[in-house]
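Asks: Once you've had a glance at the structure underneath, I'll fire off some questions.
Please treat every number below as a calculation from the coordinates, not as lab data. Because the structure is a prediction, the values reported are computed rather than measured. For neighbour counting, all protein chains shown are included, and Cβ atoms are generated from backbone atoms with ideal geometry for every residue, glycine included.
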Amino acid sequence: MDKKLAGKVAIVTGAGSGMGRATARLLHAHGAHIVATDVSGGEADTAAELAKGAAAFHADLSSETDLARLVDFAVSQFGGVDILCNVGATTSAKEVMTEAKVEDFDRIVSINMRSVFLTMKFAIPHMIARGGGSIVNVSSTAAIRAWPRMTAYSAAKAGLIAITRVAAAEFGPQGIRANVVVPGATETPMLVGQYPEDPGRLDYLRGLNPLRRLGQPSELASAIMFFASDDSSYVTGTVLPVDGGQSM
Ligand SMILES: NC(=O)c1ccc[n+]([C@@H]2O[C@H](COP(=O)([O-])OP(=O)(O)OC[C@H]3O[C@@H](n4cnc5c(N)ncnc54)[C@H](O)[C@@H]3O)[C@@H](O)[C@H]2O)c1
């Protein structure tokens, strides 16, 4: 394999499961050092699987302290940060807006969007010190179409698109690129475990896109890899749906 990321250091959030784990695997296969982070404990399994050039860091995305330490850890382990992949997130409680609890709204926005702001805030100075870097943030089709009962999740996923663009505009002159991947329904524990009371839901989701199937974590990882690598060297501030055509 052509090692497109040889010598690069990548932080991958949500690396204990689904797309985050697939992303850690693919970037590692391309030669990147990986800091796999999650709150589930799965980050240790991912790092153990990847072995050489990978390290686990346990962090809660809602904790500013954890995220500051995460970036410090990447720098102390591997000498810097070149790539930041914000993949980790959680789903909303499924109430309509009038029933939604304010604490849940704040928690989801903190985990799914404030974390993206914080990791960029802490990592970008290190990227600049190395002459540039690439940030890839994972949103959702919930950011660009209405999914009822997902107020907080939708707000967070739309907000992270906006702050990604701000980062792209602010730090492009210093060689930082920032892009967004928008997954459609993808076969991960988040989706498969989300509707235990509605077994027909996955068929419904398959039917929403012209390819008539769910995405696979590896297909999302490929898009993240594109943005992480120099294959996208003249691409910044973009939003790429990887959704089987669902959002067209
Ligand atoms: N699966 C889908 O259909 C789908 C669709 C659209 C967008 N997404 C997005 O794709 C990304 C990856 O999700 P996935 O489908 O691989 O789900 P997943 O549940 O397999 O992985 C998400 C990971 O995020 C971690 N996480 C959750 N809360 C955390 C916290 N407070 N601190 C640290 N880590 C935390 C979980 O432990 C988990 O390992 C997410 O941003 C998700 O919103 C998924």
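Asks: So which DSSP H runs in the chain come out at 20 Å plus along the axis (Cα) with average Kyte-Doolittle of at least -0.5? Write down the numbers at each step before the final one.
Replies: Details: long enough: 64-78 (21 Å, 0.35); 115-129 (22 Å, 1.32); 151-171 (30 Å, 0.88).
Flagged H segments are 64-78, 115-129, 151-171.
Asks: For residue 41, what charge total do you get from the other residues with a beta carbon under 13 Å from its beta carbon, if Lys and Arg give +1 and Asp and Glu give -1? Could you put the intermediate results ahead of the total?
Replies: Details: positive: 21; negative: 38, 43, 45, 60.
Counting the neighbours of residue 41, the net charge comes to -3.
Asks: Using Cα pairs under 8 angstrom and six or more residues apart, how large is the relative contact order of region 9-238, in percent? List each step's numbers first, then the result.
Replies: Working: 447 pairs, mean separation 45.9, N = 230.
Here the relative contact order equals 20 percent.
Asks: Filter the cross-link list 121/157; 94/121; 8/157; 101/121 down to pairs whose alpha-carbon distance in this structure exceeds 21 Å. Intermediate results must be reported in sequence, preceding the final value.
Replies: Details: 121/157 18 Å; 94/121 31 Å; 8/157 27 Å; 101/121 29 Å.
Beyond 21 Å between Cα atoms: 94/121; 8/157; 101/121.
Asks: Less than 10 Å Cβ to Cβ from residue 87, Lys/Arg counted +1 and Asp/Glu -1: what total charge do the surrounding residues give? If you can, show how the numbers build up before the last one.
Replies: Working: positive: 21; negative: 38.
Spelling it out: positives minus negatives among the neighbours equals 0.
Asks: Please check the chain for the longest run free of GluC sites (Glu not before Pro) that are loop-located per DSSP (anything but H, G, I, E, B) and have at most 11 other Cβ atoms within 10 Å. Walk me through the numbers on the way to the answer.
Replies: Numbers: sites that count: 99, 197.
It works out to 1-98.
Asks: Multiply the residue separation of residue 49 and residue 169 by 0.36 nm, subtract the distance between their alpha-carbon atoms, and state the gained length in nm to one decimal. Display every interim value, and only then the final one.
Replies: Working: separation 120, 0.36 × 120 = 43.20 nm, distance 3.66 nm.
Stretched fully, the residue 49-residue 169 segment lengthens by 39.5 nm.
Asks: Also: Return the aspartates and glutamates within reach of residue 4: Cα separation strictly under 12 angstrom, same-chain partners fewer than 8 residues apart disregarded; answer none if there are no such residues.
Replies: Result set, ordered by chain and number: 230, 231.
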